[in-house]
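What follows is a short report on a single structure.
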Amino acid sequence: MTRASPMTPIELAQASAEAMWDNDCASQALGMTLEHTAPGEATLSMTITQAMSNGHGHCHGGFMFTLADSAFAFACNSYNQMTVAQHCSITYLTPVHVGDRLTATAREVSRRGRSGLYDVRLTNQAGDAVGEFRGHSRTVKGTHLPIDE
C-alpha cells in the first residue's frame, strides 16, 4: 500500500485555512473574503458598510480591528497547530469611510516555540495604509487537520 506524499507547507497552510474558514462565522457574517494564505501569511478583505459606521460617519475602529485580527488568525494558524491571540494592538492611521474596501495583509515576524509575533497592515482600495496591527500568538493543544500517525 502506498502512502500519499505529505503536503507542502503551502498546501498545509491552505488546508488549515479552509478548515478554519468553515467555522469562522464572524468573518463570514461581516462579508470578509479570504484572499491568500501561505505559511505565516494571510490576506483578507472587507467592504465597509453603513452598519459599520460610528458617530462620526467613519468606519468604527472595532471593525478595522476585527479584519486585522482575522488576518492575524489565519496567518498564525497556517502550520496546522491551534493558535490563539495572546495580545493584540492597533494604531489607526487615517479615517476609513463607508464603501471603502479594506485589505488586511498579515505576515509573520517571529515564531519560536509556542509564541509568535505578527504584523498586519490595513490598506484601503487606493493602497493607502489606514492601520497597523501587531499580534502576539500562542499555540495551544490541537490541530485543524488530522495528523497521520
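Could you please let me know if Asp148 is at pLDDT below 95 and in contact with a Lys or Arg (Cβ under 9 Å, 6 or more places away or on another chain)?
For Asp148, the condition - at pLDDT below 95 and in contact with a Lys or Arg (Cβ under 9 Å, 6 or more places away or on another chain) - is met.
Give me the pairs, please: first residue somewhere in region 68-84 and more than 18 Å from Ser45 (Cα to Cα), second residue anywhere and assigned to a loop (DSSP other than H, G, I, E, B) and β-branched (Val, Ile, Thr), beta-carbon distance under 6 Å, and either six or more positions apart or on two chains.
Asn80/Thr143; Met82/Val140; Val84/Val140
What is the number of the single condition among (1) closer than 24 Å to Glu18 by Cα; (2) of a type in the set (S, T, N, Q); (3) not in a loop (DSSP other than H, G, I, E, B) that Thr91 does not meet?
(1)
Which condition number in (1) out of contact with any Phe, Trp or Tyr (no Cβ under 6 Å at 6 or more places or on another chain); (2) among the β-branched types (Val, Ile, Thr); (3) modelled with pLDDT of 95 or more is the one that Thr2 fails?
So the condition that Thr2 fails would be (3).
Give Met7, Met20 a once-over and let me know the one that is surrounded by 14 or more Cβ atoms within 10 Å (Cβ to Cβ), within 29 Å of Lys141 (Cβ to Cβ) and modelled with pLDDT under 95.
One residue alone meets the criteria, Met7.
With the checklist (1) surrounded by 14 or more Cβ atoms within 10 Å (Cβ to Cβ); (2) in contact (Cβ under 8 Å) with a residue 12 or more places away in the chain; (3) within 21 Å of Glu108 (Cα to Cα); (4) more than 12 Å from the chain's Cα centre (by Cα) in hand, flag the one item Leu44 doesn't pass.
If we test Leu44 against (1) surrounded by 14 or more Cβ atoms within 10 Å (Cβ to Cβ); (2) in contact (Cβ under 8 Å) with a residue 12 or more places away in the chain; (3) within 21 Å of Glu108 (Cα to Cα); (4) more than 12 Å from the chain's Cα centre (by Cα), just (4) comes out false.
In contact with a helix residue (DSSP H, G or I) (Cβ under 7 Å, 6 or more places away or on another chain) and assigned to a loop (DSSP other than H, G, I, E, B): does that describe Met46?
no
Among the residues of region 72-81, are any over 20 Å from Gly135 (Cα atoms) and surrounded by 13 or more Cβ atoms within 10 Å (Cβ to Cβ)?
No.
Which of the residues spanning region 23-80 are closer than 27 Å to Arg114 by Cα and among the polar types (S, T, N, Q)?
Once the filter is applied, which keeps residues that are closer than 27 Å to Arg114 by Cα and among the polar types (S, T, N, Q), region 23-80 yields Asn23, Ser27, Thr37, Thr43, Thr66, Ser70, Asn77, Ser78, Asn80.
Matching residues to (1) assigned to a strand (DSSP E or B); (2) surrounded by fewer than 18 Cβ atoms within 10 Å (Cβ to Cβ):
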| site | (1), (2) |
| --- | --- |
| Thr105 | yes, no |
| Ser110 | yes, yes |
| Tyr118 | yes, no |
| Gly127 | no, yes |
| Val130 | yes, no |
| Arg134 | yes, yes |
| Ser137 | yes, no |
| Gly142 | no, yes |
| Leu145 | no, yes |
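Of the residues His56, His87, which is touching a His at 6+ places or on another chain (Cβ under 6 Å), free of Cβ contacts under 8 Å to residues at least 60 places away in the same chain and exposed (fewer than 13 other Cβ atoms within 10 Å of the Cβ)? Before you say what the answer is, go through the steps one by one.
Working: His56 fails: touching a His at 6+ places or on another chain (Cβ under 6 Å).
After applying the criteria, what remains is His87.
The values are calculated or read from the model by the stated rules, or taken from the named source; none is laboratory data. From a predicted model like this one, the values you see are computed outputs, not experimental measurements. Every residue, glycine as well, gets a Cβ built from its backbone with ideal geometry; the counts of neighbours run over all protein chains shown.
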